[in-house]
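Student: Take a look at the following structure, please.
Every read-out reported here was derived from the displayed coordinates using simple, explicitly stated rules and does not represent laboratory data. If you're wondering where the values come from, they're calculated on a predicted model, not measured in any experiment. Using ideal geometry, Cβ is built from the backbone for each residue, glycine included, and neighbour counts are taken over all protein chains shown.
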Amino acid sequence: MISDLHLKDFVSRPVLEALQLRRMQFILRHAYKHSPFYTKAMDKMGVKPEDLRQLSDLSKFPFTQKTDLRDTYPYGLNAVPQTEIVRIHASSGTTGKPIVVTYTQDDLDIWSETTARCFLMGGCSNEDITVIGYGYSLFTGGMGAHQGMEKIGATVIPMGGGNSEKLCMMIQDLNVTAICCTPSYFIHVMEVAEKIGLDLRTTKLRHGFFGAEPWTDEKRDFIEKNSGIHAHDIFGLSEIMGPGVAGDCECHSGLHIFEDHYYPEIIDPDTGEVLPPGTEGELVLTTLDKMAMPLLRYRTHDISCLHYEKCECGRTLVRMDRIRRRSDDMLIIRGVNLFPSQVESLVMGMPGVVPHYELIVTREHAMDELEIRVEVSPDVIASGEEGQAKLARAIHVKIKQMVGISAKISLAEPGAIARCDGKTKHIIDKRQK
Ligand code: ADP
Ligand code: ZN
């Protein structure tokens, strides 16, 4: 079976917008009627689902915040009886209770469809053999990628994270052509492959679908140059569905959002005002046809920008800029704003620097101090103290010039910075809050 799901990415905008309006009116009615949370929220703002006559009327409706999901834990946002719920996932949530998300069978089908469209967009088909390196757990990554690959008829190997040597063996022995995992985990897989003497270029591996954490164009170049594969970006979040809310096409000019199911807005994070296309702000998403747990105007905290001009690939779906940062992962060091991705862009590509780093923030005598710990290649270690000091100085100067912060730079030996098979945590904030 060859999938023609990708045709949905090319419908004309008036047809797409008519569909979005119908679905939006439906989901507002569904949420208002079946979710006491939304009945209360809409009543409080004095709006009713009937007040939505055009797509832009959505701005009159209430936002949903991450805290609303915590406060209604575990089932408070469900809008269907439990008998219709066939799956539960939960996001990791670093403190306290996790965020629980629920799905009906129809919801799972939509999720499979949009993830499938992501893989088709990246050039995969039923001819591919794919290994899933995202965790199979409460985390949506593993199951989400799995379902999408099955939907396009690809052969799926449900590996999960954690056993990189075996994963390398699978890639080679089973003629694997595609891999889905976090970008940082793939870089670790590349290192393990090298260690065991496997040259990934000699394998059949051609496509990587990397997401679940921010990664830069520089990291993409590093992966593509050193492994010989095409590195695609895949974006999503559990609250909205999981991976496959958006993905990038071969033009790599932003990620196409599957907006027939997930409706995007960009807002000013401080005022909540909707911003015009082409302006950077916080991405807000509305699920247009998710039944178990519809989410209206969900504030993602991800910073992006929407572009409605037709993409060179011919798809009419809006493009969002890659997520480089979240409004809540900004560090403020002595008054200067800094995002981990800025550091990644600046240090990656410097000779001898490998893509593993961490930012350690401390406070001494009321002053914030930033230490940037960057892992380096064996050549740098072999170059002795002088060579290392030279590189550390060069990084210091670059950060100072580009970001305006005087950071302490320490070089870490190969393998010294912890690897993980999920999302990498780049910030260690030791300041007393
Ligand atoms: P958790 O909440 O457990 O971390 P999620 O997978 O739901 O799990 O996390 C979703 C968040 O992960 C997004 O809001 C975004 O910040 C980040 N994310 C997911 N995919 C990407 C991507 N391709 N690029 C950048 N950030 C991403
Ligand atoms: Zn495109």
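Student: Please name which of ILE152, HIS356, THR286 has its Cα lying farthest along the dipole of the chain towards the positive end, using unit charges on Cβ (Lys, Arg +1; Asp, Glu -1) and the Cα centre as origin.
Tutor: The residue sitting farthest along the positive end of the dipole is THR286.
Student: Ranked highest first by average number of other Cβ atoms within 10 Å, how do 402-412, 239-249, 128-138 line up?
Tutor: Averaged packing, sorted descending, gives the order 239-249, 128-138, 402-412.
Student: Which loop-located trypsin sites (Lys or Arg not before Pro) does region 325-388 contain, where loop means any DSSP state but H, G, I, E or B and the Cβ has at most 14 other Cβ atoms within 10 Å?
Tutor: ARG334
Student: Please work out the FRET efficiency for the pair LYS225 and LYS60, using the Cβ-Cβ distance as r and a Förster radius of 35 Å; give the result to the nearest 0.05.
Tutor: 0.10
Student: Can I ask one more? Tell me which DSSP H helices of the chain clear both cut-offs, 20 Å or more of axial length from alpha-carbon atoms and a mean Kyte-Doolittle hydropathy of at least -0.5.
Tutor: The answer, listed by residue number, is 13-34, 105-121, 384-403.
Student: What is the spin-label model distance, in nm, from VAL86 to GLU194 if the labels are put 7 Å beyond Cα along the C-beta direction?
Tutor: 4.4 nm
Student: Now, a different point. Which loop-located trypsin sites (Lys or Arg not before Pro) does region 168-260 contain, where loop means any DSSP state but H, G, I, E or B and the Cβ has at most 14 other Cβ atoms within 10 Å?
Tutor: Counting only loop positions with at most 14 other Cβ atoms within 10 Å, the trypsin sites (Lys or Arg not before Pro) in region 168-260 are LYS204.
Student: Per-residue ellipticity at 222 nm for the chain, helices alone: DSSP H runs ≥ 4 residues times -39500 (n - 2.57), over residue total, nearest 500 deg cm²/dmol?
Tutor: Mean residue ellipticity, 222 nm, calculated: -9500 deg cm²/dmol.
Student: So in the chain, what percent of DSSP beta bridges are antiparallel if you round to the nearest 5?
Tutor: 65 percent
Student: Say we join alpha carbon atoms closer than 10 Å with springs in a Gaussian network model of the chain; which of ALA116, ALA90, ALA231 then has the biggest fluctuation?
Tutor: Comparing ALA116, ALA90, ALA231 in the GNM, the peak value goes to ALA90.
Student: Turning to a different aspect of this structure: Percent antiparallel among DSSP beta bridges with both residues in region 22-160, to the nearest 5?
Tutor: Of all bridge pairs located within region 22-160, approximately 65 percent are antiparallel.
Student: Two decimals is fine: what is log10 I(q)/I(0) at q = 0.07, 0.09, 0.10 Å⁻¹ for the chain, from a Debye sum with one equal scatterer on every Cα and no solvent?
Tutor: Each listed q corresponds, in turn, to -0.36, -0.60, -0.74.
Student: Restricting to DSSP loop positions (anything but H, G, I, E, B) with no more than 11 other Cβ atoms inside 10 Å of their own Cβ, which chymotrypsin sites (Phe, Trp or Tyr not before Pro) remain in region 172-269?
Tutor: Of the chymotrypsin sites (Phe, Trp or Tyr not before Pro), not one in the loops of region 172-269 has a Cβ with at most 11 other Cβ atoms within 10 Å.
Student: When only Cα pairs under 8 Å and 6 or more residues apart are kept, what is the percent relative contact order across region 1-326?
Tutor: Computed over region 1-326, the figure is 19 percent.
Student: Moving on to the next point. Would you mind estimating how fast region 1-85 diffuses translationally, via Stokes-Einstein at 37 °C and 0.692 mPa s with the Kirkwood radius over Cα pairs, in µm²/s?
Tutor: 219 µm²/s
Student: Compute, for region 1-326, the length of the dipole vector about the Cα centre, with Cβ point charges of +1 (Lys, Arg) and -1 (Asp, Glu) only. Units Debye, rounded to 20.
Tutor: The dipole magnitude comes to about 600 debye.
Student: OK, next. With just the Cα atoms defining each centre, how far is region 271-344 from region 352-389? Give it in Å.
Tutor: A separation of 30 Å, based on Cα centres.
Student: Take every Cα pair under 8 Å in region 331-429 that's 6+ residues apart, average their separations, divide by the length, and report that relative contact order as a whole percent.
Tutor: 32 percent
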